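The structure appears right after this line, and notes come after that.
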Amino acid sequence: MFERLDQLEARYEDLGKQMSDPTLVNDQKKFQSIAKQHRDMEPTVEKFREYRKIKDGVAEAKAMLADPDPDVKEMAQAELDALEPRLAPAEEQLKVLLLPKDPNDEKNVILELRAGTGGDEAALFVAEVFRMYLRFAEQHKWKVEILSQTESGIGHGLKDVTAIIEGDNVYSQLKYESGVHRVQRVPATETQGRVHTSAITVAVLPRG
């Protein structure tokens, strides 16, 4: 795995050098292709560098434990206690990043939210979750186009809403959102303080 990561990092560095070549600007198609490859590699390379930094820090702290100075030993142990728990999770994240990608990961999506059980409270939940996706899209500089929506008769609730979300790797970020989402809470309209359970369905469909 680490040999493959070394090769990936070397390729990433090479692509970075190619992008800085002023003559490449004249060939926009090639430049965009190289830039995309570089961008796709970046999360894995950054995680690899983080893992390597943690591993080097662990090795250095272990070496410092042999120092006769008790203050140095104490500092080394504190460093070790902070770094060692991060090592295994970082390695697992690297393994996930190296898995073959879903061919749909780079596609845009059609996002559909529908109110299920819970009546007006479910419609309010649809609206809240959809606003959450809008904020998430804004943070990632994705474009959102609302295709249709049906408002409920209370507050700012939505019985259903369908939208197209376009941008970089949208499906890879949202595909696990599909399914039934539930919330348990006391609605603003509840006078006796009873907890209500509401459910909505979320569908994330890859779009060509």
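The values are calculated or read from the model by the stated rules, or taken from the named source; none is laboratory data. These numbers were taken from a predicted model, which means no experiment stands behind them. We place every Cβ from the backbone using ideal geometry, glycine too, and count neighbours over all the protein chains shown. For the accessible areas, the whole protein counts, side chains as well, though only heavy atoms, and no ligand, DNA or RNA atoms are used. Shrake-Rupley method; radii C 1.70, N 1.55, O 1.52, S 1.80 Å.
Based on the Cβ-Cβ distance from Asp71 to Glu91, what FRET efficiency comes out when R0 is 30 Å, to the nearest 0.05? Could the numbers behind the result be given before it?
Values: r = 31 Å, r/R0 = 1.04.
E between Asp71 and Glu91, to the nearest 0.05, is 0.45.
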Excluding Val126 itself, calculate the net charge of residues whose Cβ lies under 14 Å from the Cβ of Val126, where each Lys or Arg counts +1 and each Asp or Glu counts -1.
-> -3
Are there GluC sites (Glu not before Pro) in the stretch 88-120 that DSSP marks as loop and that have at most 13 other Cβ atoms within 10 Å, and which are they?
-> none
Listed by chain and number, the lysines with an alpha carbon less than 24 angstrom from that of Lys47, same-chain partners under 8 positions apart left out, are Lys17, Lys36, Lys55, Lys62, Lys95, Lys101, Lys107, Lys141, Lys175
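Applying 1/(1 + (r/R0)^6) with R0 = 30 Å to the Cβ-Cβ distance of Met132 and Lys36, what FRET efficiency is obtained, to the nearest 0.05? Walk me through the numbers before you get to the answer.
On the way: r = 28 Å, r/R0 = 0.95.
So the FRET efficiency works out to roughly 0.60.
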Using θ = phi - 60° and the Karplus form 6.51 cos²θ - 1.76 cosθ + 1.60, what ³J(HN,Hα) does each residue of the stretch 45-54 get, whole Hz, x for Gly and Pro?
-> 5, 5, 5, 5, 5, 5, 4, 5, 5, 5
Answer label, with P(r) over Cα pairs in 5 Å bins from 0, in percent calculated from the coordinates and candidates (i) 1, 6, 11, 14, 16, 16, 14, 10, 5, 4, 2, 1, 0; (ii) 1, 7, 15, 19, 19, 16, 11, 7, 3, 1, 0; (iii) 1, 6, 10, 11, 10, 11, 10, 10, 9, 8, 6, 4, 2, 1, 0 | (iii)
From phi via Karplus (6.51, -1.76, 1.60), per-residue ³J(HN,Hα) for the stretch 142-148 in Hz, x at Gly/Pro = 8, 9, 10, 10, 7, 8, 7
The answer for the longest stretch of the chain without any exposed trypsin sites (Lys or Arg not before Pro) (DSSP loop, at most 12 further Cβ atoms within 10 Å) is 1-100
Under 19 Å Cα to Cα from Lys159, which lysines show up? Leave out anything in the same chain fewer than 8 places away.
-> none
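Based on the Cβ-Cβ distance of Tyr176 and Val25, what FRET efficiency does E = 1/(1 + (r/R0)^6) give at R0 = 45 Å, to the nearest 0.05? The partial results should precede the final answer.
On the way: r = 38 Å, r/R0 = 0.85.
Efficiency, from the Cβ-Cβ distance: 0.75.
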The chain - accessible surface per residue (Å², probe 1.4 Å) | 63 Å²
Classify the stretch 36-128 as rounded, prolate or oblate from the Cα gyration tensor: take a ≥ b ≥ c as the square roots of its eigenvalues, call it rounded if a/c is under 1.5, otherwise prolate when a/b beats b/c and oblate if not.
-> oblate
The summed charge of the Asn104 Cβ neighbourhood (under 11 Å; Lys/Arg +1, Asp/Glu -1) stands at +1
